[in-house]
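S.K.: Please read through the structure below; I'll follow up with questions.
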Ligand code: NAP
């Protein structure tokens with residue numbers, strides 16, 4: 001590594017600064033290294049790498065995208081033990097990638113990114129961090145993802161609660177749930193994974209459901225040793241299996257934009273509810289009344305069976321008040337509890353609000369995003385040269401693996417970073433007209449799509465009801481558009497011109 005650092009001033013100079021060590025940040029670091037660009041630093045706020053797969057350790061935490069697709073294309077782990085890997089295995093996989101591709105030495109741990117300012121004369125970003133250290137680089141890549149700031153609901157009186165309170169992404173493993181009375185708030189992707197696990201332990205579980213999710217059975221099973229050996233010995237077989245799986249997942253998109261197919265999928269899910277849920281009242285409570293796909297479609301084979309348990313009750317009357325030892329619902333009923341667990345998700349469309357990112361001419365990102373966050377291809381924002389977002393606005397998915405999107409973006413960003421790192425270009429800044437026409441195009445595709453018109457409210461939409469998170473189409477279309485940056489989309493400045 002050739003970065004210069006002055007320890008007493010705690011100022012580090014490098015070519016590329018990457019923020020985050022989840023799939024995005026780590027993947028970017030690996031691909032830079034493979035491209036022969038060694039002068040980069042990765043900032044990680046925690047003491048270890050792994051992003052969301054390091055933070056989320058709640059019981060039952062696992063991926064709901066098959067592992068064959070939820071992994072880097074260049075590192076297709078033949079040893080996945082299950083169809084849908086669990087948190088520990090994915091976290092180990094990321095550790096393995098960091099070791100194998102020798103990017104660990106580039107990571108600065110315990111460094112929390114708080115903001116960045118662009119210096120147009122120098123063509124550099126200066127990154128500020130919580131402990132005062134400063135990082136200066138020619139380019140800045142955000143790999144912070146969308147799901148890392150836990151969202152806590154404002155429940156009246158919660159500050160008076162004397163029991164234990166924690167969020168699914170900050171699970172308190174020291175608190176023994178055995179024999180306790182527990183309130184779980186939320187029934188999203190995280191809650192439906194931990195509820196079956198804790199239901200067996202706790203004395204009583206009150207599950208506060210605001211909106212029932214659409215759930216399909218999860219076809220999870222161990223991958224036999226013989227198949228793992230085959231993948232190891234004949235990698236081509238694994239690559240073929242991954243390719244086939246890609247198209248199967250891609251086909252799920254048909255059910256999202258074709259209402260007739262969506263209705264068939266809803267019918268199948270309702271049939272699953274009828275089979276899995278015995279009590280007619282409970283069945284009615286867990287049956288969604290909005291179009292499938294409007295919120296993320298969840299996979300679980302043990303959630304409904306857990307709800308059938310005598311120590312679990314699904315509460316739909318909402319939380320009216322929290323008292324020191326109980327939760328009172330909208331119908332006035334008081335539920336004594338020892339702990340409250342939030343499965344209430346994350347800050348998504350406002351995830352960058354707390355950061356101070358200042359681009360050209362002192363323009364703040366918050367101002368640029370005053371009417372909602374948007375970027376060209378989800379990666380670049382006009383007025384913020386040499387800044388790249390991985391999994392930025394409108395590049396999230398409901399039907400396929402986000403790792404595929406991340407890899408497409410890394411390729412694209414790399415095609416921009418090469419000329420910057422090689423000293424050919426000092427600055428590249430996406431043209432406002434290009435960004436605007438891209439966003440008009442995708443918002444036109446999103447306006448009548450199921451996420452907005454499906455009759456639900458989800459974190460895909462911002463406070464104005466505009467979808468700022470989902471890529472409205474097949475992922476191969478995104479891949480086609482991001483194979484290489486077209487520099488005509490950008491205002492570029494050559495390095496020697498100043
Ligand atoms: P989520 O999907 O946003 O679910 C949050 C839940 O909390 C919803 O049921 C929501 O109800 C409820 N809620 C939020 N605020 C509430 C309030 N004030 N009062 C009552 N209920 C409230 O969050 P998540 O389950 O943590 O999952 C977030 C995302 O993480 C997922 O969509 C997915 O992308 C990702 N994830 C992925 C996996 C995976 O396997 N790949 C696993 C876990 C999570 P409403 O529906 O009514 O808003």
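S.K.: When only residues in the range 145-169 that are loosely packed, with under 13 Cβ neighbours inside 10 Å and outside any loop (DSSP other than H, G, I, E, B) count, which is nearest to the ligand (Cβ to nearest atom)?
M.R.: The residue in question is 159.
S.K.: Go over the candidates 65, 103 one by one and state the one that is at pLDDT 95 or above and either more than 16 Å from the ligand (Cβ to nearest atom) or under 19 Å from residue 140 (Cβ atoms) (or both).
M.R.: Only one candidate passes the filter, namely 103.
S.K.: List every residue pair whose Cβ atoms lie under 7 Å apart, where the two residues are 6 or more positions apart in sequence or sit on different chains, the first residue falls within the range 143-154 and is over 14 Å from residue 350 (Cβ atoms), and the second residue, located anywhere, is assigned to a loop (DSSP other than H, G, I, E, B) and near the ligand (Cβ under 8 Å from one of its atoms).
M.R.: Every condition considered, the pairs that remain are 153/344.
The rows are residues; the columns are (1) more than 22 Å from residue 137 (Cβ to Cβ); (2) within 15 Å of the ligand (Cβ to nearest atom); (3) touching a strand residue (DSSP E or B) at 6+ places or on another chain (Cβ under 8 Å).
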residue: 293; (1), (2), (3): yes, yes, no
residue: 301; (1), (2), (3): yes, yes, no
residue: 312; (1), (2), (3): yes, no, yes
residue: 338; (1), (2), (3): yes, no, yes
residue: 343; (1), (2), (3): yes, yes, yes
residue: 356; (1), (2), (3): no, no, yes
residue: 365; (1), (2), (3): no, no, yes
residue: 379; (1), (2), (3): no, no, yes
residue: 384; (1), (2), (3): no, no, yes
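S.K.: Follow-up question, since we're still on this one. Within the range 112-144, restricting attention to residues that are crowded, with 21+ Cβ neighbours inside 10 Å and in a loop (DSSP other than H, G, I, E, B), which residue is farthest from the ligand (Cβ to nearest atom)?
M.R.: Applying the filter and picking the extreme gives 143.
S.K.: Could you check the range 442-461 and list, in sequence order, the residues that are more than 18 Å from residue 397 (Cβ to Cβ) and either modelled with pLDDT of 95 or more or within 16 Å of the ligand (Cβ to nearest atom) (or both)? Show your work before the answer.
M.R.: Start the filter on the range 442-461 by keeping residues that are more than 18 Å from residue 397 (Cβ to Cβ), which leaves 444, 447-448, 453, 455, 457.
Once the filter is applied, which keeps residues that are more than 18 Å from residue 397 (Cβ to Cβ) and either modelled with pLDDT of 95 or more or within 16 Å of the ligand (Cβ to nearest atom) (or both), the range 442-461 yields 444, 455, 457.
S.K.: Same structure, new question: Got a number for residues in the range 63-100 being surrounded by fewer than 19 Cβ atoms within 10 Å (Cβ to Cβ) and in contact with a helix residue (DSSP H, G or I) (Cβ under 7 Å, 6 or more places away or on another chain)?
M.R.: 6
S.K.: Within the range 462-490, which residues are in a helix (DSSP H, G or I) and away from the ligand (no atom under 16 Å from the Cβ)?
M.R.: Across the range 462-490, the qualifying residues are 476, 477, 478, 479, 480, 481, 487, 488, 489.
S.K.: Same structure again: Are there any pairs with C-beta distances below 8 angstrom linking a residue in the range 167-192 that is free of Cβ contacts under 8 Å to residues at least 24 places away in the same chain to a residue that is within 7 Å of the ligand (Cβ to nearest atom), with the two at least 6 apart or on different chains, and if so which?
M.R.: Here the result reads none, with nothing in the range 167-192 linked to a residue that is within 7 Å of the ligand (Cβ to nearest atom).
S.K.: Residues that are touching a helix residue (DSSP H, G or I) at 6+ places or on another chain (Cβ under 7 Å), more than 16 Å from the ligand (Cβ to nearest atom) and more than 30 Å from residue 326 (Cβ to Cβ): does the range 210-217 have at least one?
M.R.: There is no residue in the range 210-217 that is touching a helix residue (DSSP H, G or I) at 6+ places or on another chain (Cβ under 7 Å), more than 16 Å from the ligand (Cβ to nearest atom) and more than 30 Å from residue 326 (Cβ to Cβ).
The values are calculated or read from the model by the stated rules, or taken from the named source; none is laboratory data. These numbers were taken from a predicted model, which means no experiment stands behind them. A quick note on method: Cβ atoms are made from the backbone with ideal geometry, for glycine too, and the neighbour counts reach across all protein chains shown.
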